[in-house]
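Here is the structure we will look at, set down as structure tokens.
Bear in mind that the values in this text are calculations on the coordinates, not laboratory data. Model, not experiment: these values are computed from the prediction. In this analysis, Cβ positions are derived from the backbone assuming ideal geometry, glycine residues included, and neighbour counts consider all displayed protein chains.
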Amino acid sequence: MKISIITVVYNNEKTIKDALESVLGQTYKNIEYVIIDGNSKDNTVSIIREYESRLGYFVSEKDNGLYDAMNKGIRSATGDVIGILNSDDLYQDFEVITDVMEQFNNDSDLDVLYGNLVYVKSNDTDAIVRNWKCKPYYDRFFENGNVPPHPALFVKRSVYDKVGLFNLDYKLAADYELMLRMLKKYNFKIKYIDRLIVKMRLGGATNQSFTNIINQNKEIVRAWKNNSLKAPLYLMPVRIFKRLIQFI
């Protein structure tokens, strides 16, 4: 079974090499690595081209932002399973994809799989700042303030074919909206593995300002409404609480 890993990038010459080597060093052999660059102006493209012969698909052209680029990557991917790794991030070790695909290869009915993630310092990927340890999916998973870590999520292509791609009306919470739509509204077979999947550097778009955090929460509330779902009144307080305890 083939897996496609997608990395979208724009002007990230500092860490793109770490992401590239993290994927290309995986022990699982049947990996298609898809790189979507947003027409970077720094040395990002020249770094990617050093690895181009080992990539499944690479394009550098202007896009309409992060989620538009992710959609482009999903459309370009040909794997049976799709994962998305940000250009600032890296997999915990070189056995991650082998362990992920063992689950899919051993269970043909499995549709969605996710694991754990840690936030690390931007200049030291061994220095853990926040530990996002998830839990198995259950009926009120989202209502209780949970959400899978998106970079640690792996989805069969057939799932995207059924539920659609990222909704570009959301600028900061399109990943949340897609996972809410995917897991809450459909009866897919979902599995959680208690394994560290991704090291994520601090500094994502949402966390760059307090305003972005507020706007993301507004988008999350809108995501429930737009999917004809009713968010509980305690959703935001419990989300904040669960985020805070990840720092302990």
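Details
- Expressed in units of 2.2 N^0.38 Å, where N is the residue count, the Cα radius of gyration of the chain is 0.96.
- Ranking Ile35, Cys134, Val9 by Cα position along the charge dipole of region 3-245, where only Lys, Arg, Asp and Glu carry charges on their C-beta atoms, puts Cys134 farthest toward the positive end.
- Straight-line cross-link reach from Lys133 at under 19 Å between alpha-carbon atoms covers these lysines, not counting any fewer than eight positions away in the same chain: Lys121, Lys191, Lys199, Lys242.
- Reach of Lys162 by Cα under 16 Å, taken over lysines that are not fewer than 8 positions away in the same chain: Lys184, Lys185, Lys189
- Volume in Å³ per residue [convex hull over Cα atoms, computed for region 107-194]: 125 Å³
- Simple spin-label estimate for Thr211 and Asp42 gives 2.3 nm between the two label positions (7 Å along the Cα-to-Cβ direction from each Cα).
- The modelled label-to-label distance for the pair Glu52/Asp169, using points 7 Å beyond Cα in the direction of Cβ, is 3.9 nm.
- Rounded to the nearest 5, the antiparallel percentage of DSSP beta bridges internal to the chain is 35%.
- Between helix 210-226 and the chain: long-axis angle, C-alpha atoms, 0 to 90°, nearest 10: 70 degrees
- Sequence-distant residues sharing a close amide H with Ile84 (under 5 Å, placed H): Ile6, Leu153
- Cα-projected label distance for Glu61 with Ile245, points at 7 Å along beta-carbon direction, nm: 4.7 nm
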